[in-house]
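The values are calculated or read from the model by the stated rules, or taken from the named source; none is laboratory data. Source: prediction; values computed, not measured. Note that we place each Cβ from the backbone using ideal geometry, even for glycine, and neighbour counts take in every protein chain shown.
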Amino acid sequence: MTEFKTTLIMVGIMLAYAVPGFILIKVKAVKPDHISSFSKLLMFVCQPALTLYSFNKADFTKELGVNLLIFLGIITLVQLIFIGVFYLIFRKKMGDVRYRITTIATTLSNCSFLGVPLLEAIFPNSPNVAVYSMMYFLSMSLLGWTLVSAIITRDKKYISIKKILINPATLSIAISLPFFFTRFKIGAENGQFLEQIGKMIDVLGKMTTPLCMLVMGMRLATIKVKSLFNNWMQYFALAINQIVFPLCVLGLLTLLRVDDELKWCMFVMCSCPIAAVVQNYAEILGEGQDIAANMVLLGTISSIVTLPLMALLI
């Protein structure tokens, strides 16, 4: 029951962050046209800082290195399978952007923006949980900047080596890995200057959750609340993403008998609500913003029920 209570409190606090964003739009202190700018700040500044923060907390060992590669391989494979299955199911309706957004929303999980603080709360004595989340985010980002972007826009130009190698997730992990492998810490133990740099990285990294929820609150203020509940696609994506997907992943990991820490980290992250990056990609690419925002919002609101229930399995 400890995991249930911890998860319930954490999700409640995260949802509270959305309130200021909602108010800012309603009082016209921020214009709806500016929401995409906040999304870019989240993806291009705060997320890379979160990556550095996560790797800086973990201590590299050979066993951890192997587990991270196993984690990356498994989560990439299952995401590809789920996206592929729903792409085939909806292939005749891909001309409608709503079906394209639904295809990716069934799979992409809010593994870092919400996953990192959640994992740190559930497993407070494990410094490795945050770095596992970065493997998940790397996998999701590699798919996001290539396959997911191609599905949303129906433009194959996004399927390229350049998009795989040059994106915020890949670049931030490439910067983090040398420090991780050499066990060099960006902190007080290596001088006052690096102590301040470390503090700056920590602050920017921990801004991801509040900023993510602020963006959601802003988007919520721009739509009719009724639209959150009157489309079957949103319920479908929610059920697959937050219930079916994590249970399938847990079953697979149990069969494979992987390391327990790896298994439960992946399960918690797969149980997180529909990824905020679904909305972010839609905002940046300029297609399907409304349906994406509705799915992310409904998924995040419903996670106050689904996430604590899933946590009971830990």
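Cβ-Cβ distance below 8 Å, separation of 6 or more or different chains: which pairs start in the range 19-47 with a residue that is under 19 Å from residue 297 (Cβ atoms) and among the charged types (D, E, K, R) and end on one that is modelled with pLDDT under 90 and surrounded by 14 or more Cβ atoms within 10 Å (Cβ to Cβ)?
Matching pairs, first to second residue: 26/221.
Would you confirm, using the coordinates I've provided, whether residue 138 is out of contact with any helix residue (DSSP H, G or I) (no Cβ under 6 Å at 6 or more places or on another chain), assigned to a helix (DSSP H, G or I) and of a type in the set (A, V, I, L, M, F, W, C)?
no
Report yes if some residue within the range 81-92 is closer than 26 Å to residue 162 by Cβ, aliphatic (A, V, I, L, M) and at pLDDT 90 or above; otherwise report no.
Among the residues of the range 81-92, at least one is closer than 26 Å to residue 162 by Cβ, aliphatic (A, V, I, L, M) and at pLDDT 90 or above, which makes the answer yes.
Within the range 204-224, count every residue that is out of contact with any helix residue (DSSP H, G or I) (no Cβ under 8 Å at 6 or more places or on another chain) and assigned to a helix (DSSP H, G or I).
Within the range 204-224, residues that are out of contact with any helix residue (DSSP H, G or I) (no Cβ under 8 Å at 6 or more places or on another chain) and assigned to a helix (DSSP H, G or I) number 1.
Can you report the number of residues in the range 88-111 which are assigned to a helix (DSSP H, G or I), in contact with a Ser or Thr (Cβ under 9 Å, 6 or more places away or on another chain) and buried (at least 17 other Cβ atoms within 10 Å of the Cβ)?
The number of residues fulfilling the criteria is 1.
Out of all the residues in the range 3-55, which are within 26 Å of residue 169 (Cα to Cα) and more than 19 Å from the chain's Cα centre (by Cα)?
21, 33, 34
For the range 38-47, check the following and say yes or no: at least one residue is basic (Lys, Arg) and crowded, with 20+ Cβ neighbours inside 10 Å.
no
For residue 251, state whether it is among the small types (Gly, Ala, Ser), crowded, with 18+ Cβ neighbours inside 10 Å and in a helix (DSSP H, G or I).
Taking the combined requirement at face value, the residue does not satisfy it.
On the given criteria, is residue 193 within 20 Å of residue 135 (Cβ to Cβ) and among the aromatic types (Phe, Trp, Tyr)?
no
Just to be sure, is residue 301 surrounded by fewer than 22 Cβ atoms within 10 Å (Cβ to Cβ) and assigned to a helix (DSSP H, G or I)?
yes
Please give the number of the condition residue 65 fails out of (1) buried (at least 20 other Cβ atoms within 10 Å of the Cβ); (2) over 18 Å from the mean Cα position of the chain (by Cα); (3) under 14 Å from residue 132 (Cβ atoms).
Condition (1) is where residue 65 drops out.
Examine the range 186-200 for a residue that is touching a residue at least 24 places away in the same chain (Cβ under 8 Å), outside any helix (DSSP H, G or I) and more than 30 Å from residue 303 (Cβ to Cβ), and state whether such a residue exists.
Yes, because at least one residue in the range 186-200 is touching a residue at least 24 places away in the same chain (Cβ under 8 Å), outside any helix (DSSP H, G or I) and more than 30 Å from residue 303 (Cβ to Cβ).
Under the condition of being modelled with pLDDT under 80 and within 15 Å of the chain's Cα centre (by Cα), which residue from the range 267-292 is nearest to residue 7 (Cα to Cα)?
276
Which pairs turn up if I take residues in the range 152-170 that are among the β-branched types (Val, Ile, Thr) and look for partners that are in a loop (DSSP other than H, G, I, E, B) and surrounded by 12 or more Cβ atoms within 10 Å (Cβ to Cβ) with beta carbon separation below 7 Å, at least 6 apart in sequence or on another chain?
Matching pairs, first to second residue: 152/287; 152/288; 153/287.
Residues are listed down the side, and each one gets a yes or a no for (1) buried (at least 18 other Cβ atoms within 10 Å of the Cβ); (2) modelled with pLDDT under 90; (3) within 23 Å of residue 46 (Cβ to Cβ); (4) touching a strand residue (DSSP E or B) at 6+ places or on another chain (Cβ under 9 Å):
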position: 161; (1), (2), (3), (4): no, yes, no, no
position: 169; (1), (2), (3), (4): yes, yes, yes, no
position: 191; (1), (2), (3), (4): no, yes, no, no
position: 202; (1), (2), (3), (4): yes, yes, yes, no
position: 206; (1), (2), (3), (4): no, yes, yes, no
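Spot the failing condition for residue 258; the list is (1) in a helix (DSSP H, G or I); (2) of a type outside the set (Asp, Glu); (3) over 18 Å from the mean Cα position of the chain (by Cα); (4) within 25 Å of residue 129 (Cβ to Cβ), and only one is missed.
(1)
Among the candidates 60, 44, 4, which residue alone is assigned to a helix (DSSP H, G or I), of a type in the set (Phe, Trp, Tyr) and over 18 Å from residue 139 (Cα atoms)?
Within the list 60, 44, 4, the selection yields 4.
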